[in-house]
Amino acid sequence: MKTLIFVIAISAISLTACNNQSGDKDKAGTDTAPVAAETNMAASSPDANTQLSSSPISGIVSSYLQLKNALANDNGKEAADAGNAMVSAFKNFAQSSLSAEKKKTFEDIQEDASEHAEHIAANGTNIEHQREHFETLSKDVYDLAKTFGAGQTLYKDFCPMYNSNKGATWLSETKEMKNPYLGRKMPTCGEVKETIQ
């Protein structure tokens, strides 16, 4: 009985800590509701597509964001579809216009990232396995966005509770937390660590 009470107490502390991080941001003046509204307006405006297409990696970023959103919604099938889209985006990426240095950077990242996207695509019924591969894939897409620009504002988010409290990062198109690692269980757990223009 004491063990059960101890486990419940630790869980409550962890949940409170994660929720307090989100609450502190609201107190600090970060208002997530207008951001969500702005994002929805941006997504439906023609300028949003034009802005996204200004980056050579726009197809990769687009499929990555679809993948992130599918995982945040606990939808392994949609995540698998987005993984397939990422594999295609990597295969269809036109490297001919890149400088030698950027081409090498892309090739170094492409092999690893494509492999993780393939694993996500092949495991539509195993969302936890998809999330394991998404963690490394997120690092690869972050490196691409820093090298090539994403063609849109991205936010590097951090979840402190994923992977036995080791934490993990991901990229998002909004400041609003939609945690792909914890999904609907704890959708708002996390904080913005960096803004990528």
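Could you order peptides 128-135, 57-64, 71-78 by the average number of other Cβ atoms within 10 Å of their residues, highest first? If you can, show how the numbers build up before the last one.
Numbers: 128-135: 19.5, 57-64: 23.1, 71-78: 17.5.
Top of the packing list down: 57-64, 128-135, 71-78.
Placing a label point 7 Å from the Cα of Lys91 along the Cα-to-Cβ direction, the residues of the range 107-123 whose backbone N falls under 12 Å from that point are 118.
Both radii were evaluated on the Cα set of the range 151-197; the Rg over Rh quotient, with Rh as the Kirkwood radius, amounts to 0.98. Computed over the range 128-174, the alpha-carbon pair-distance distribution with 10 angstrom bins reads 26, 52, 21, 1, each value a whole percent.
Over the range 76-147, what percent of the accessible surface lies on carbon and sulfur atoms, probe 1.4 Å?
44
Arrange the residues Glu118, Glu176 by how much accessible surface each exposes, largest first, with a 1.4 angstrom probe.
Details: Glu118 95, Glu176 60 Å².
So, going from the largest accessible area down, we get Glu118, Glu176.
Using a 1.4 Å probe, what is the accessible area per residue for the range 73-197, in Å²? Can you show the working numbers first?
Values: 6060 Å² over 125 residues.
About 48 Å² of surface per residue is accessible.
The modelled label-to-label distance between Ala122 and Ala100, using points 7 Å beyond Cα along the C-beta direction, is 3.6 nm.
Going from most exposed to least, what order do Asp157, Asp143 have by accessible area with a 1.4 Å probe?
Working: Asp157 0, Asp143 70 Å².
Solvent-accessible surface, decreasing: Asp143, Asp157.
Using equal-weight Cα scatterers in the Debye expression, the normalised intensity of the range 56-189 in log10 at q = 0.10 Å⁻¹ is -0.29.
The values are calculated or read from the model by the stated rules, or taken from the named source; none is laboratory data. Predicted model, so just to flag it, every value in this text is computed and none were measured. We place every Cβ from the backbone using ideal geometry, glycine too, and count neighbours over all the protein chains shown. Just so you know, the surface numbers come from the protein's heavy atoms only, side chains and all, with ligands and any DNA or RNA stripped out. Shrake-Rupley method; radii C 1.70, N 1.55, O 1.52, S 1.80 Å.
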